[in-house]
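Before any comments, here is the structure.
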Amino acid sequence: MKDNAKIYVAGRETLIGSALVRQLKARNCGNLIGEPQEEPDLNKQDIVDDFFAREHPEYVFLVAGKSGGIRANQRYPAELMLDNLQVASHVIDSAYRHGVKKLFYLASSCSYPKHSPQPMSENSLLSGYLEPTNESYAVAKIAGIKLCQAYWQQYEAKFVSGIPANFFGPGDDFSLEDSHVIPALLRKMHEAKVAGAEFVEIWGSGTPRREFVFVDDIADACIFLMHNYDNSEPINIAGGLDVSIRELAELIQKVVGYSGKLHFDSSKPDGMPLKALESSKLKGMGWEPKTSFEDALRMTYEWFVINENNNK
Ligand code: GFB
């Protein structure tokens, strides 16, 4: 992928999409197509197809599709599944029919079975039952991976997939019900600090473990893989630390400066007991995340404080 190639980031308004656009611009990739107009409606095949016919992208990062935390997955399984199936099938098919040189599809670590050996390696895909709290979304993400592989197999289309660890960062969804755990806890603790509240409620038992990676590092890995990975087998994108939700909550207390108590509400779901990714394949290619977990939390918190009023 040359710096002046025509690149399309499908889903540039998502957390990862905006990080990708930032990083591509920082690398002087000036030919980002589709900007500054509004993104085409990826839920409509004819609109996506017209867009590809008009713009002729050479490289596509497919990071579109609705997502959310554990509660959003329980509340909107139909919406999340349909949206992700539609955007993946529309963009992948148009990319093939309009001769895109390479497409990078971003899946999700919830594509792995609930009881995969940990850390989860690429060959655990489709080896068991999924975690019920996000099964619908996970099936759509698996379909995206499989569609890339099918186009590779049938048409020799260079469509590759990456499976990221849970990611977070500036621009995240900070809503209390639908967000992922990091933005939710940053906001809860910030509001508790400002209000002088005695405690903050943390969902679940606090024992589940998650591996987190800063969104700018995930974006950096996507670009690295676009340059260096030519294989139809999906590849994990991780290399962060796995922490328990209790440890995470304590670290967020420190970052926010909140000294109240933590109340764990076991009536709320835990989800996967442990989600960490085996990342030796990517590491072996010479890529590792660059941002420390605490620095990434601080940058995300700073962004939230500056944009707090837009996040209510
Ligand atoms: O980030 P999260 O919503 O998603 O939750 P998953 C991670 C853990 O944090 C769960 C706990 O054990 C939650 O119960 N948690 C504690 C909280 N307090 C909170 C809170 O205030 N808000 C939230 N959201 N969680 C997602 C999937 O699973 O992983 C998505 O649902 C996606 O589909 C994503 O794949 C990567 O890690 O459990």
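The values are calculated or read from the model by the stated rules, or taken from the named source; none is laboratory data. What you are looking at is a predicted structure, and each value in this text was computed from that prediction instead of being measured. Note: ideal-geometry Cβ built from the backbone for every residue, glycine included; neighbour counts use all protein chains shown. Heavy atoms of the whole protein, side chains included, go into the accessibility calculation; ligands, DNA and RNA do not. Shrake-Rupley method; radii C 1.70, N 1.55, O 1.52, S 1.80 Å.
Enclosing the Cα atoms of the range 26-127 in their convex hull gives a volume equal to 157 cubic angstrom per residue.
The relative contact order of the range 1-139, computed from alpha carbon pairs under 8 Å that lie at least 6 residues apart in sequence, is 25 percent. Looking at the range 103-179, the GluC sites (Glu not before Pro) that sit in a DSSP loop and have at most 11 other Cβ atoms within 10 Å of their own Cβ are GLU156, GLU177.
For the residues GLU288, GLU79, GLU38, a GNM of the chain with alpha-carbon springs under 10 Å puts the largest fluctuation on GLU38. The convex hull drawn around the Cα atoms of the chain, when projected onto a plane and averaged over every direction, covers 15.2 nm².
Here the mean projected area of the convex hull built on the C-alpha positions of the range 271-312 is 5.1 nm².
Here the range 256-297 exposes an accessible surface that is 49 percent carbon and sulfur, computed with a 1.4 Å probe and the other protein chains kept in place.
In terms of overall dimensions, the range 234-290 has a Cα radius of gyration and Dmax of 15.6, 44 angstrom.
Computed about its Cα centre, the charge dipole of the chain is approximately 340 debye, with only Lys, Arg, Asp and Glu carrying charge at their Cβ. Cross-link check: pairs LYS102/LYS275; LYS6/LYS114; LYS25/LYS66; LYS114/LYS188 evaluated at a Cα-Cα cut-off of 32 Å; pairs beyond the cut-off: LYS6/LYS114.
For the chain, adding -39500 (n - 2.57) for each run of n ≥ 4 DSSP H residues and dividing by the number of residues yields -13500 deg cm²/dmol at 222 nm. Between GLN37, GLN45, GLN118, the GNM of the chain built on Cα springs shorter than 10 angstrom shows GLN37 fluctuating the most. As a length-normalised measure over Cα pairs under 8 Å and 6 or more apart, the relative contact order of the chain settles at 19 percent. Among SER259, ALA53, ASN123, which residue has its Cα positioned farthest towards the positive end of the charge dipole of the chain, with +1 placed on the Cβ of Lys and Arg, -1 on the Cβ of Asp and Glu, and the dipole taken about the Cα centre? Final value for the positive-end residue is ASN123.
Over every Cα atom in the range 123-208, the radius of gyration and the widest Cα-Cα span, Dmax, amount to 18.6, 61 Å.
Fully extending the segment from SER89 to LYS25, taken as 0.36 nm per residue of separation minus the present Cα-Cα distance, adds 20.3 nm.
Stretching ASP230 away from ASN123 to a fully extended chain increases their span by 36.8 nm, per 0.36 nm per residue minus the current alpha-carbon distance. Pairwise alpha-carbon distances in the range 130-288 exceed 25 Å for 40% of all pairs.
Average accessible surface for the range 1-158: 46 Å² per residue, computed with a 1.4 Å probe over protein heavy atoms with every protein chain in place.
Given +1 at the Cβ of Lys and Arg, -1 at the Cβ of Asp and Glu and no other charges, the dipole of the range 2-105 around its Cα centre is 480 debye to the nearest 20. Farthest toward the positive end of the dipole of the chain, out of ALA5, LEU176, HIS90, is the Cα of ALA5, where the dipole comes from beta carbon charges about the Cα centre. Computing the accessible area with a 1.4 Å probe over protein heavy atoms, can you report the carbon and sulfur percentage for the range 1-152? Carbon and sulfur atoms account for 52 percent of the accessible area of the range 1-152. The value obtained for the range 194-310, namely the Cα convex hull volume divided by the number of residues, is 139 Å³ per residue. Beyond 16 Å, the tail of the calculated P(r) for the range 198-240 holds 56 percent of the Cα pairs. Using the 1.4 Å probe convention, the accessible area of the range 199-312 works out to 45 Å² per residue with neighbouring protein chains retained. The Rg/Rh ratio for the range 169-211, using Cα coordinates for both the radius of gyration and the Kirkwood hydrodynamic radius, is 0.98.
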